[in-house]
Each structure stands twice: as C-alpha cells, then as structure tokens.
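The values are calculated or read from the model by the stated rules, or taken from the named source; none is laboratory data. Computed from a predicted structure; not experimentally measured. Heads up, the Cβs are rebuilt from the backbone with ideal geometry, glycines too, and the neighbour counts pull from every protein chain shown. When the accessible area is computed, the model is the full protein with side chains, heavy atoms only, and any ligands, DNA or RNA have been set aside. Shrake-Rupley method; radii C 1.70, N 1.55, O 1.52, S 1.80 Å.
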Amino acid sequence: MEVAIVLSRHNSRKEARMLISAAKTLGERKISLWYFSNSIEGMNKLPVDDIIWMPISEDFLPYQLLPALKERYDEFSPDVLIFADDYTGNNLAVELSYYINGTYIKGVTDIKKLFSGYLFAKRVYGLHLESQREYNSPPYLLSIAKDSFEEIRGDGLPNIKKIKNTTFKASRNRKFIIHKKEKDRDLADFEVVLIGGRGIGSKNNAKSLVYLAKLMGAGVGATRPAIYNGWFDLSCLVGASGKSVSPKLCMVFGASGCMPLLLGIKKSQKIIAVNIDPYAPIFDNCDVGLVDDCNKVIKSLIERFESCGSNRSELVHKDFKVK
Ligand SMILES: Cc1cc2nc3c(=O)[nH]c(=O)nc-3n(C[C@H](O)[C@H](O)[C@H](O)COP(=O)(O)OP(=O)(O)OC[C@H]3O[C@@H](n4cnc5c(N)ncnc54)[C@H](O)[C@@H]3O)c2cc1C
C-alpha cells in the first residue's frame, strides 16, 4: 500500500521532511510526494520513492487543487494521505475526505501501527489534553501537527513524474463540494435549521439528514466532529468556531450539546434535540427532547414528509414528546 504526502509551494522542505518522518511511522510502504508548485527545486532530492509534480503557476485557493488531487487519488488510491496542518492542507483534506468517504483527522501528533489499524493521537480541548484513538477503516486523511515528528535526514533519488495536463480550476466542476445551494444561501437565513452531530454515525446518514432538510426547506448545520469525519461540508460548521444561527426552529440530531455548539444555536426560538443518551447536556438546553436513535427519527420524518406531499401542517410536533 502507498502513502501520499500532499504539499504545495506554500510548504517548506523542513515541513516536507517532518511529514516524511510521520509517513515512515506507518510501516514499510511506498511513500509518494504529490507536490503542487511551479518549481520542484528543493524537493527533488527528498527521501521518498516517487514525486508526482503538478506544476501550478498562479496563486491558488485550496478548492482549485481538488480536481487534480481527486484525479491522483483515483489513479493511486493510497490508504493514507498526509497533509500539513495549515489552511491549504486542512481544507484539501476535509474536502477530499468527503469525496472519498475517508476519515479526516486534524493535527495528528503521534502515529502507532497496530495489528489491525493505527492509533492516532491528537491534542484536544485547546491543546490541553492528548487523545488517542484506534482507527481501522481507511482511507485516512491526516494533517500532521507542526513539530510533532523529527525531520528525516538524508537525501533520496525519487522518480519524478510531471503531470502535464493537471486539472486545476474547480469552479466549473464542483460536484464534490456538497450542499451547493445551501452554501449559496446563508445558513443564518433559514427559518428551520437541522444540525447533525457525531451521533449521525456515517456519511450515508448525513445524506439522509440533508435530504430531510431539503424536504423541509431547512438549512443544514453540523458539529465539528461530524465535519472532521467528512460527513458534512466545512461551511456547515455551527458554533464557537463556525456560524451562529437564530432560526424559528433548530433540530439537533446526535450532538451532545457541548458549549461551543450551544454558543452557535442559543438564539434559536425553539430547539428540538434527539439523542440516545438521556443525560446528554443538550437536553438541558432544548425546548423539546427526544431520547431515541436520531437516524430512526430522521428516517421516520422523511417518510412523513414524503407521504404528505405539500400538505405539511402540524407535521413536526406530532412526532415529538415535550420534555
Ligand atoms: C476551541 C474549540 C472550539 C470549538 N468549536 C466548535 C464549534 O464551533 N462547533 C462544534 O460543534 N464544536 C466545536 N468544538 C468541539 C466541541 O467541544 C465538541 O467536541 C463538539 O461540539 C461535540 O460534537 P458532537 O456533539 O457532535 O459529538 P459528541 O460530543 O461526541 O456527541 C455525540 C452525541 O451523539 C449521541 N449519539 C450517538 N449515537 C447516537 C444516535 N444513534 N442517535 C442519537 N444520538 C446519538 C451521543 O449520546 C452523544 O451525546 C470546539 C472545541 C474547541 C476546543
């Protein structure tokens, strides 16, 4: 299996050497550098097996690199892609992760190879704690926290392949940037907002939530973990680091109700929360609470909305018990 390190001309050789060290901890595998830059100077003797060089002359936004990145992914299908923990790296990782149904982990500080998978560590809660978690469903898209790994020493003689006709501009082909219509219309403008949390559990379930939102004419928001898992677009982030909403109705599915999220939804006129944990903090901060599997509730709401066509009066509240 191959591991790909994705870098652009904004990254230094020092950073590249650090990311190669991180890639080496994944075990014996072929390491490729996928490099977006007008010049390969400085990177051509790095100790990797291959360099896929995609010349780009103008300055760029991360999304403009996505088509080329996707092409390379379709060609080589590495099970791990490593990015720098910077604006371009994290944006590329989260967007590609959505497209390839991968697991995106931001700011990885340590990697351990296990018998069946990997242990990835990262800092959480304002960098005060380190969390370690076992993962066993690739592909993984990791952004590596700065200075987490020693820079690898020495040079190499990589095979360099220059991609002549790289596809850059994504503006005409943005089909993998989801919720385009919702993105165009600001989340703050919707009267009803549906928010998906980690309890949504998968990208397919996230798609069901998006479909329900479409049926209800609602906007879609998401918590940070649900976005970092690649289930929702980055633009859906609601909370302290994302958008604040103040709809007439905010429905929160599978989110615990941590303070950063509450800051983004507290101005909603009514909050309905669905969570399997009766002690989830969201139940202290909502008007109506339902202790249930959120995906079952989403499914039954979809059935109700689909069956009633345009006659949608009194639909939502019949399904919910007041706390
Ligand atoms: C500086 C900083 C800024 C942050 N900014 C934001 C921000 O802007 N927005 C944000 O969202 N987070 C932000 N966070 C992260 C925040 O602290 C929480 O980690 C995050 O909100 C938790 O998201 P969650 O509720 O989806 O996940 P979790 O806390 O893991 O909760 C998942 C919930 O889903 C429930 N669940 C599981 N399965 C099901 C099911 N089948 N049906 C129903 N319920 C289920 C569980 O009981 C649990 O309550 C920030 C953190 C920091 C440190």
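Values as computed for the structure displayed
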quantity: Some residue of region 57-66 being part of a loop (DSSP other than H, G, I, E, B) and crowded, with 18+ Cβ neighbours inside 10 Å; calculated: no
quantity: Sole exception among (1) open to solvent by less than 10 Å² (accessible area, probe 1.4 Å); (2) within 16 Å of the ligand (Cβ to nearest atom); (3) over 29 Å from Leu92 (Cβ atoms) for Ile227, by number; calculated: (3)
quantity: Candidates Tyr104, Tyr98 - the one that is surrounded by 18 or more Cβ atoms within 10 Å (Cβ to Cβ) and outside any helix (DSSP H, G or I); calculated: Tyr104
quantity: Residues located in region 240-277, provided they are free of Cβ contacts under 8 Å to residues at least 24 places away in the same chain, more than 9 Å from the ligand (Cβ to nearest atom) and in a loop (DSSP other than H, G, I, E, B); calculated: Lys266, Lys267, Gln269
quantity: Close pairs from region 28-47: first open to solvent by less than 20 Å² (accessible area, probe 1.4 Å), partner hydroxyl-bearing (Ser, Thr, Tyr), Cβ under 6 Å, at least 6 apart; calculated: Phe36/Ser8; Met43/Tyr35
quantity: Which numbered condition Ser235 fails, given (1) assigned to a helix (DSSP H, G or I); (2) more than 16 Å from the ligand (Cβ to nearest atom); calculated: (2)
quantity: Region 111-131 residues that are over 21 Å from Ile20 (Cα atoms), paired with ones that are part of a strand (DSSP E or B) and of a type in the set (A, V, I, L, M, F, W, C) (beta carbon under 8 Å, 6 or more apart); calculated: Glu130/Ala121; Glu130/Val124; Ser131/Ala121; Ser131/Val124
quantity: Among (1) among the aliphatic types (A, V, I, L, M); (2) over 13 Å from Ile160 (Cβ atoms); (3) buried (at least 17 other Cβ atoms within 10 Å of the Cβ) - the single one Met1 does not satisfy; calculated: (3)
